[in-house]
Amino acid sequence: MLSFILRRLGQSSVLVLIMSVLVFAGMYVVSDPVAVLAGDDFTEEDRQALARELGVDKPLITQYLVFLSNIAKGDFGVSFVYNRPVLDLILERLPATLEVAVLAISMGLILGIPMGIYSGLNREKKATKSISFLTTVGYSIPNFWQALLLILLCSVWLKILPASGRGDTTDLFGIPVSFLNWDGFSHMLLPAVNLAIYKICMQTRLSRSGTQEVMYQDYMTFARAKGISKMRRIRRHLLRNILLPIVTITGLELGGLIAFSTVTETVFSWPGIGKLLLDSIHHADRPVVVAYLIGITLMFVTINFVVDVLYALLDPRIRYK
Amino acid sequence: MSKQDPTRLEKIWKAFRGHPIAIAGLIGITFFLLVAFFAPLLAPQNPYDQTQLDILDGLLPPMSQLGTGQTSWLGTDALGRDILSAVMYGLRISLFVSFVAVIVGSGLGVFLGLLAAMKRGWVETVIMRSVDLKMSFPGILLALMLLAMFGTGVDKVIYALIIGAWASKARLVRSVALSEMKKEYIDAARLAGIGNLRIMLRFLLPNSISPVLVVLPMAISGAITAEATLSFLGVGVPITEPSLGLLIANGNDYLLSGKWWISIFPGLVLVAMVLCINVVADRIRDHANPYLRGKE
């Protein structure tokens, strides 16, 4: 097991190194930072001074090593736009992104699993066909357009929920969060629903196929023969067995949720890290974009690593492949 | 193997017979393709011709009369551009970008998958590790990264979508091609002295391509959505060649003042098209699955 973990850790490190080279090449070599930052009235000396200040006059390999060692020290530089350390900017906006993500995942699980189990148990009913059609529609509507429909319906026509911003926040252990007061929570609802629709469709499909597999197992028949009531059979025997793959995929999809939060946060002007990324791309705020990309890479590599190790723990065949 | 082969047409028809929703999807796809192709002939107005636009016609609701006396069925945007015409032209760009990206990307993926299965060794390792690297990131994020690095534009969006499309096809083709490589016809071809490239294209490709063809419609609808999302976020196609996503973004500024038609109509067309492709894709996938087919 230890050798598997070490080998997998080695692969992950190589992956991070490759990504750091790609990000460095993309952000530092393809676009010339001196050209971006220099004003029209800059002389040749000014340009050289700027290049020295930014460290781009040195050979590429030196620049890359400096880039790498700064990251290792947690120093991502200072934002061109906000003139503040990038790490602070990102950490400050992270809670806003996470609280919407958690609400969206909860909605997906709470609505998706019951609908999926119902569809799996009642294959020929009309409601099942409607659910199946609705999930196809849900999959087909682009995330950003759903957001616009939600704004149009709830904010413009019905005027029941706010369409943008974060609203009031309450401090929880020193971190401002929105979900503890009504104004903040009402601002959270539309972005969360927007992220949740895809999750609901996915959870429904997952739990439906899980149910269809489990319901014909011998232990289900046996439980029924023992005279266990239907609700108890669903809760104790069915749900427990379909939950494992659902939890795994929900964990894996966490990254996808953070990725899609760029879209949702932009539409709803939700001040999280996704909106920060988009704004930074538009303002050519390179240090922020680089920090975000490196951070996301680390996050994905970690998620994949943890999942692989867990799988190897659960299934010994993987270890010896 | 030709597409005109009647038995193949019959096979395709067999997949759709008795599935009205899937047939409706096919009809929808045909309709959208025709509208996109003939947009310059069908559209009431050329939305890129500044001389045809009148700022006085700006922000008119659907069914309004334009200054020229024409009726604008779907209303106009801030510049006085007819939404119906803009949607028809936008459809062309959306479809063009996604089809080119998926076909080139899948072609590249199929080639690399076949190469990995034939060469084995380090070639396979490099290709499959790259696939893993690509697959460990959500597509939309990867595209955002690339566009953040290389800037925006129609060509850049196509590159970003190509990079999004190749990996899953390479993985799919390799797994099929690996088992095909063990079969006798490959040995026979080798013994007959046929070159590697010819074996790959004439023998291995036709026998390994089916699973990729099955997922191709899903890839196209995914690319259409991805392109629309990127353009909506302002990192996709330029303002001079607005796709459906960019048209929706333009209307976004007017949504809160109740001028819904600018965003909603391009969005409806986008959703209708993606939905049509998805129901057809679902049908093809179910039909290709022998386990499900037995139950029909």
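So the values come out like this:
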| quantity | calculated |
| --- | --- |
| Residue among B:134, B:156, B:119 that alone is more than 26 Å from residue A:12 (Cα to Cα) and not aliphatic (A, V, I, L, M) | B:156 |
| Answer residue from segment B:94-109, given it is among the β-branched types (Val, Ile, Thr) and surrounded by fewer than 23 Cβ atoms within 10 Å (Cβ to Cβ) and is farthest from the chain's Cα centre (by Cα) among those | B:104 |
| Any chance residue B:161 is out of contact with any Ser or Thr (no Cβ under 9 Å at 6 or more places or on another chain) and hydrophobic (A, V, I, L, M, F, W, C) | no |
| Of residues in segment B:122-179 being closer than 30 Å to residue A:283 by Cβ and either among the acidic types (Asp, Glu) or open to solvent by 50 Å² or more (accessible area, probe 1.4 Å) (or both), the one nearest to the other protein chains (Cβ to nearest Cβ) | B:150 |
| Failed condition for residue B:90, given (1) within 30 Å of residue B:258 (Cβ to Cβ); (2) surrounded by fewer than 20 Cβ atoms within 10 Å (Cβ to Cβ); (3) within 14 Å of another protein chain (Cβ to nearest Cβ) | (2) |
| Candidate set from segment A:117-130 (those that are touching a residue at least 40 places away in the same chain (Cβ under 8 Å) and surrounded by fewer than 20 Cβ atoms within 10 Å (Cβ to Cβ)); member that is farthest from the other protein chains (Cβ to nearest Cβ) | A:121 |
| Failed item in (1) modelled with pLDDT under 85; (2) in contact with a Cys (Cβ under 7 Å, 6 or more places away or on another chain), with residue A:190 passing the rest | (1) |
| Test result for residue B:241, under 22 Å from the mean Cα position of the chain (by Cα), open to solvent by less than 40 Å² (accessible area, probe 1.4 Å) and among the acidic types (Asp, Glu) | no |
| Qualifying residue in segment A:99-116 (condition: open to solvent by less than 10 Å² (accessible area, probe 1.4 Å), part of a helix (DSSP H, G or I), of a type in the set (Val, Ile, Thr) and in contact (Cβ under 8 Å) with a residue 60 or more places away in the chain) | yes |
| Sole exception among (1) modelled with pLDDT under 85; (2) within 11 Å of chain B (Cβ to nearest Cβ); (3) more than 19 Å from residue A:258 (Cα to Cα) for residue A:168, by number | (2) |
| Helices (runs of 4 or more DSSP H) completely within segment B:1-104 that count 2 or more residues being closer than 29 Å to residue B:220 by Cα and among the charged types (D, E, K, R) | B:6-16 |
| So residue A:292, is it modelled with pLDDT of 85 or more, hydroxyl-bearing (Ser, Thr, Tyr) and open to solvent by 30 Å² or more (accessible area, probe 1.4 Å) | no |
| Residue within segment A:241-256 that is open to solvent by 10 Å² or more (accessible area, probe 1.4 Å), within 12 Å of chain B (Cβ to nearest Cβ) and β-branched (Val, Ile, Thr) present | no |
| Single residue of segment A:157-187 satisfying the filter (exposed (fewer than 15 other Cβ atoms within 10 Å of the Cβ) and of a type in the set (Gly, Ala, Ser)) that is nearest to the chain's Cα centre (by Cα) | A:165 |
| Criterion (on the phi < 0 side of the Ramachandran plot and at pLDDT below 90) met by exactly one of B:214, B:176 | B:214 |
| Residue check for residue B:16: surrounded by 12 or more Cβ atoms within 10 Å (Cβ to Cβ) and modelled with pLDDT of 85 or more | no |
| Residue in segment B:224-238 that is within 14 Å of chain A (Cβ to nearest Cβ), on the phi < 0 side of the Ramachandran plot, among the acidic types (Asp, Glu) and part of a helix (DSSP H, G or I) present | yes |
| Within segment A:42-71, tally of residues that are more than 20 Å from residue A:26 (Cα to Cα) and of a type in the set (Lys, Arg) | 2 |
| Segment B:180-196: number of residues that are assigned to a helix (DSSP H, G or I) and either over 28 Å from residue B:284 (Cβ atoms) or open to solvent by less than 50 Å² (accessible area, probe 1.4 Å) (or both) | 10 |
| Criterion (within 11 Å of chain A (Cβ to nearest Cβ), open to solvent by less than 40 Å² (accessible area, probe 1.4 Å) and not in a loop (DSSP other than H, G, I, E, B)) met by exactly one of B:220, B:199, B:277 | B:277 |
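The values are calculated or read from the model by the stated rules, or taken from the named source; none is laboratory data. Note that this is a predicted model, so its numbers are computed, not measured. Cβ sites come from the backbone with ideal geometry, for glycine too, and all protein chains shown count toward neighbours. Ligands, DNA and RNA are stripped out before the accessible areas are found, and what is left, the full protein with its side chains, is counted by its heavy atoms. Shrake-Rupley method; radii C 1.70, N 1.55, O 1.52, S 1.80 Å.
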